[in-house]
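Take a look at the structure set out below.
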Amino acid sequence: MSRPQAGDYAYDSLNRLAEESPYGRYLAFLEQGKLAFQREPETGRAVFYPRVTAPGTGACGLAWEISAGTGTVHAITTIHYRGEAPLNVSLIDMDEGFRLMSRVEGTPASEVRIGMRVRMRVHRPDEGPPYPVFDVDGPDSPSPREEREP
């Protein structure tokens, strides 16, 4: 059996399904330079990585929102590959209430610190889909979530 080709019904249907999937919509937002996430309407809880139903409750009808792109480094690990500069892998707490794994660029891996404020930008590799990375966003200012706490 041959693989579906562009113009074939099966190929076009699979591409359309991929584009309409939560991941496809997420990638479309990234192509526009926007970090999208979902929110569960009943609880107001932020949901990330994009999905069809809410984790834990199975609720459908997750609403799409666009992140302001700012967050705080929650955790860091530094990876050392032989013959290459160290690479950081960071967990970022976004101001909207979700967490994602990424990396902080433009700053040596050894200087990335927990609590640093960061701002998202979209990295567009030569091959593969775009993905969010972060740059340090000024001095270690408190996050909006910390400012709200008494």
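Here is how the numbers come out for the structure above:
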item	result
Residue ID - surrounded by the fewest Cβ atoms within 10 Å (Cβ to Cβ), chosen from residues in the stretch 73-131 that are hydroxyl-bearing (S, T, Y) and free of Cβ contacts under 8 Å to residues at least 24 places away in the same chain	Y81
Residue that is at pLDDT 85 or above and either surrounded by fewer than 13 Cβ atoms within 10 Å (Cβ to Cβ) or under 20 Å from M101 (Cβ atoms) (or both), where the choices are L27, L17	L27
Criterion violated by M101 - all others in (1) aliphatic (A, V, I, L, M); (2) outside the structural domain of Q32 (by TED's automatic domain parsing); (3) assigned to a loop (DSSP other than H, G, I, E, B) satisfied	(3)
Total residues in the stretch 124-150, condition modelled with pLDDT of 90 or more and in contact with an Asp or Glu (Cβ under 8 Å, 6 or more places away or on another chain)	4
Residue count for the stretch 50-84, restricted to those that are among the polar types (S, T, N, Q), over 16 Å from the mean Cα position of the chain (by Cα) and not in a loop (DSSP other than H, G, I, E, B)	2
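The values are calculated or read from the model by the stated rules, or taken from the named source; none is laboratory data. Note that the structure is a prediction, hence the values are computed from the model and not measured. As a convention, Cβ positions derive from the backbone with ideal geometry for all residues, glycine included, and neighbour counts pool all protein chains shown.
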